[in-house]
Amino acid sequence: MTIRVLIADDQQLVRTGFQMILDAQPDMEVVAAVADGAEAVAEARRLRPDVCLLDIRMPKLDGIEVTRILAGPGVENPLRVVIVTTFDLDEYVYGALRSGATGFLLKDSGPTLLIEAVRAAAAGDALVSPSVTVRLLQHLAQPRRAAPPPMNDPLTERELDVVRLIARGRTNQEVAAELFVSLSTVKTHLGSIFAKLGVRNRVEIAAWAWESGVVS
């Protein structure tokens with residue numbers, strides 16, 4: 001199955017470079033390459049790509065606002081967004097992930113990590129650039145000012161096992177291997193976890209796990 005990708009970056013050289021890298025993959029096709037945030041929203045809504053690669057700083061609408069429009073809270077049928085930027089600033093990382101992004105990469109991460117991030121996003125996984133992962137987890141591990149409200153339908157012990165592994169960056173396949181269950185079982189657990197926590201992606205599961213003290 002071909003992964004359809006939209007690229008949004010105000011630098012033509014970056015757009016061209018990313019498109020060459022991704023189009024060279026047998027399972028990927030760049031369906032649009034645009035130069036500003038407003039065009040990214042319009043093309044994403046028209047084409048419904050599997051993954052959107054967005055820069056942070058773009059004309060008209062920045063990458064975080066585009067992410068919020070395409071994948072943020074309250075969006076029906078959200079798209080999968082990966083932020084790819086030169087700006088390694090905490091406010092951008094947290095803003096992007098809280099707005100619904102499923103990945104965050106720096107442009108100097110290299111083509112291999114870019115390809116992995118697109119495949120991970122298409123599969124429903126999340127990939128964050130290694131250079132920001134430690135700081136991100138430290139931020140998420142800070143104690144919440146107020147305890148989270150009790151859940152009407154608490155997670156089961158096995159669901160908590162899945163949450164802990166997701167929070168540590170494991171893919172579905174790795175979760176299945178570590179828990180000695182099938183991939184379909186992991187996906188069933190994830191569906192239940194999404195419903196119980198009221199979250200829509202793996203990054204939000206990880207955030208909940210770190211903030212609630214399920215992992216530390």
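Laboratory data are not the source of any read-out in this text; all were calculated from the coordinates shown. Keep in mind that what you see is a predicted model, and the values were worked out from it rather than measured. When we count neighbours, we look across all protein chains shown, and the Cβ atoms used for this are built from the backbone with ideal geometry, even at glycine.
So how much slack lies between residue 13 and residue 182, counting 0.36 nm per residue of separation and subtracting their Cα-Cα distance, in nm?
Details: separation 169, 0.36 × 169 = 60.84 nm, distance 4.30 nm.
Result for the pair: 56.5 nm of gain on full extension.
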I want the local charge near residue 99. Using Cβ-Cβ distances under 9 Å, sum +1 for each Lys or Arg and -1 for each Asp or Glu among the other residues. +1
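Want the number for residue 29 to residue 86: 0.36 nm per residue separation, take away the alpha-carbon distance, what's left? Each step should come with its number before you reach the end.
Numbers: separation 57, 0.36 × 57 = 20.52 nm, distance 2.37 nm.
That pair, residue 29 and residue 86, stretches by 18.2 nm at full extension.
Per-residue counts of other Cβ atoms within 10 Å, averaged by peptide: what ranking do you get for 98-107, 74-83, highest first? Mind dumping the intermediate values first?
Working: 98-107: 23.3, 74-83: 18.1.
Packing proxy ranking, top to bottom: 98-107, 74-83.
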Extension length gain for residue 57 and residue 168 (0.36 nm per residue less Cα distance), in nm, is 37.1 nm
Cut-off under 21 Å on the C-alpha distance; same-chain residues fewer than 8 positions from residue 196 excluded. Which lysines are left, in chain and number order? 187
Placing one identical point scatterer on every Cα of region 1-128 and ignoring solvent, what is log10 I(q)/I(0) from the Debye formula at q = 0.15 Å⁻¹? -0.57
Rough spin-label spacing in nm, given labels placed 7 Å along Cα→Cβ, for residue 153 and residue 42: 4.2
Could you work out how far apart the two model spin labels at residue 75 and residue 196 are, taking each label as a point 7 Å from the Cα in the direction of the beta carbon, and quote it in nm? 2.7
